[in-house]
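So the structure is just underneath, and the comments pick up after that.
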Amino acid sequence: DFHEMRASHVTQSGGMAARTPEYDRWMRRVAFALVFLLALPAFAGKSRAIRSSSGPTFTRDIAPLLQDHCQSCHRPNNIAPMSLMTYRDAKPYASLIKVKTLTKEMPPWKPGDGCGDFADRRGLSPAQIDLLTKWADNGAPEGDPDDLPPAREFSDDWDLGTPDLVLTMPQAFTAPAGTDTYRCFTIPSSLVADQYVSAVDTHPGDRETVHHVLTFIDTSGESAKLDEAEPGPGYTCFGGPGFNNPGTLGGWAPGAPPLQLPSGIAMELPANSRVVMQVHYHPHHGTPEPDQTELGIYFSKEKPKKLMRIIPLINQSFTIPPNDANYKVTAQWPILTPVAMHLWLIAPHMHLLGRTMRVEMTPPGGPAQCLIDIGDWDFHWQGAYRYREAVAIPALSKLSLVAYYDNSSGNPRNPNDPPKAVSWGEQTTDEMCIAFLGVTLDYENLP
């Protein structure tokens with residue numbers, strides 16, 4: 001012990017005795033230890049900087065990536081099963097993040113590359129996926145706290161300001177726990193005159209359970225009859241809203257911005273119509289809360305020059321035989337496009353047996369142009385996809401689609417066990433083959 005060694009060299013009178021070699025060696029050791037302890041913080045900082053520069057860290061590389069591509073869903077009180085807002089949130093899931101991004105399951109984005117230039121794309125680049133992989137493989141280091149960007153802030157307010165019309169589910173609905181539920185809620189628009197809609201925003205009530213919302217227009221009143229025939233708020237619906245010839249106001253999924261149409265273009269919402277919200281509930285946090293989803297509608301401040309029209313590319317007369325794992329269904333517009341158009345959005349739609357869908361446009365005298373190609377269809381991740389720039393469709397073009405279905409027992413989503421023949425229909429056990437195209441007519445110039 002140093003103190004005992006020092007005491008042995010102190011005289012009884014309190015003076016210091018002659019120093020010995022042993023005493024000098026002890027003093028040199030103590031001096032070295034003090035210098036090391038004083039230098040340790042600087043050494044550690046230098047070491048951390050070295051580690052930070054040799055591989056990706058959360059604060060410098062991963063946090064900005066999660067902010068841009070993941071946190072709109074992966075945050076507290078939202079649809080994703082875990083938060084990725086902080087390092088403490090993300091580190092336990094580093095390996096899972098690696099796997100889900102390598103397989104391109106996350107972020108959820110179904111259109112394939114090289115077919116359609118879509119706005120609001122959620123995919124990651126190969127370089128970004130490689131960054132996440134290296135971070136996970138290196139033990140998910142945190143990095144220098146000074147590198148951390150400011151936290152991304154989220155607001156529950158309407159992104160486009162106060163809507164001109166807010167439609168709310170008449171009654172709150174609580175989805176059953178432990179299963180996916182599709183429910184339609186019909187709401188009177190109470191419009192006394194036709195209106196032109198320039199933008200639509202959706203506010204889910206139970207953000208932890210509402211997975212996506214598709215919005216339809218009912219001018220026949222059929223949705224009210226369906227609601228009255230079934231107890232409780234709304235009525236059961238799966239593939240569509242349950243009535244023929246619905247219009248649409250688009251759709252919403254977590255992380256998607258409001259649907260905002262270009263200047264001079266609008267959708268028509270007729271007087272006395274009803275708006276039907278088909279809500280997909282996906283409980284995963286335990287017991288769902290009562291939901292009362294709202295739809296914010298913005299009217300054009302002046303009369304538009306063109307109307308957005310939704311035209312279906314559809315096949316309703318097919319039957320998928322049982323035990324066929326790769327059954328082909330095609331659809332084509334019954335005539336060539338009579339006039340020139342521009343395509344602004346596209347929404348493919350199948351049920352649980354669907355596997356792939358490819359939609360093409362073939363101009364007169366030219367090669368086919370791919371409009372959308374979904375190589376791994378998932379009914380729970382469907383949506384409407386907006387093009388960054390509208391696609392020109394010349395007059396006399398051909399619109400067509402090819403879809404494949406898996407009606408075998410090897411399809412884990414097959415609702416029939418054993419498999420049975422499946423045709424067009426609204427129920428879970430039925431199928432559909434349709435692509436909705438949002439187009440404007442080039443010649444149209446509304447007075």
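The values are calculated or read from the model by the stated rules, or taken from the named source; none is laboratory data. All figures in this text were calculated on a predicted structure; none of them were measured in a lab. Every residue, glycine among them, receives a Cβ derived from its backbone with ideal geometry; neighbour counts consider all protein chains shown. Each accessible area value is taken on the protein alone, full model and side chains, heavy atoms only, with ligands, DNA and RNA left out. Shrake-Rupley method; radii C 1.70, N 1.55, O 1.52, S 1.80 Å.
Based on this model, can you work out whether residue 364 counts as of a type outside the set (Val, Ile, Thr) and more than 25 Å from residue 217 (Cβ to Cβ)? Considered against the rule, which asks whether it is of a type outside the set (Val, Ile, Thr) and more than 25 Å from residue 217 (Cβ to Cβ), residue 364 comes out as yes.
The rows are residues; the columns are (1) open to solvent by less than 30 Å² (accessible area, probe 1.4 Å); (2) within 27 Å of residue 257 (Cβ to Cβ); (3) touching a residue at least 24 places away in the same chain (Cβ under 8 Å).
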| site | (1), (2), (3) |
| --- | --- |
| 371 | yes, yes, yes |
| 374 | yes, yes, yes |
| 386 | no, yes, yes |
| 405 | yes, no, yes |
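When region 86-105 is filtered for residues that are open to solvent by less than 60 Å² (accessible area, probe 1.4 Å) and in contact with a helix residue (DSSP H, G or I) (Cβ under 8 Å, 6 or more places away or on another chain), the ones remaining, listed by number, are 87, 90, 94, 97, 98, 101.
Filter region 385-424 down to residues that are touching a strand residue (DSSP E or B) at 6+ places or on another chain (Cβ under 8 Å) and basic (Lys, Arg) and give me whichever is farthest from residue 308 (Cα to Cα). By that ranking, first place goes to 398.
Being farther than 19 Å from residue 347 by Cα and either open to solvent by 50 Å² or more (accessible area, probe 1.4 Å) or in a strand (DSSP E or B) (or both) is a property that does not hold for residue 419. Checked against (1) under 10 Å from residue 217 (Cβ atoms); (2) in contact with a Pro (Cβ under 9 Å, 6 or more places away or on another chain); (3) surrounded by fewer than 22 Cβ atoms within 10 Å (Cβ to Cβ), residue 245 passes all but a single condition, namely (2). Among residues that are touching a helix residue (DSSP H, G or I) at 6+ places or on another chain (Cβ under 8 Å), in contact (Cβ under 8 Å) with a residue 12 or more places away in the chain and not in a helix (DSSP H, G or I), residue 141 is included.
Taken over region 142-163, residues that are touching a Pro at 6+ places or on another chain (Cβ under 6 Å) and either open to solvent by 50 Å² or more (accessible area, probe 1.4 Å) or on the phi > 0 side of the Ramachandran plot (or both) amount to 2. For region 261-282, which positions are open to solvent by less than 40 Å² (accessible area, probe 1.4 Å), under 22 Å from the mean Cα position of the chain (by Cα) and either within 24 Å of residue 226 (Cβ to Cβ) or of a type in the set (Gly, Ala, Ser) (or both)? Across region 261-282, the qualifying residues are 276, 277, 278, 279, 280, 281.
Conditions tested, residue by residue: (1) over 20 Å from residue 120 (Cα atoms); (2) modelled with pLDDT under 85.
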| site | (1), (2) |
| --- | --- |
| 50 | yes, yes |
| 53 | yes, yes |
| 59 | yes, no |
| 66 | no, no |
| 72 | no, no |
| 86 | yes, no |
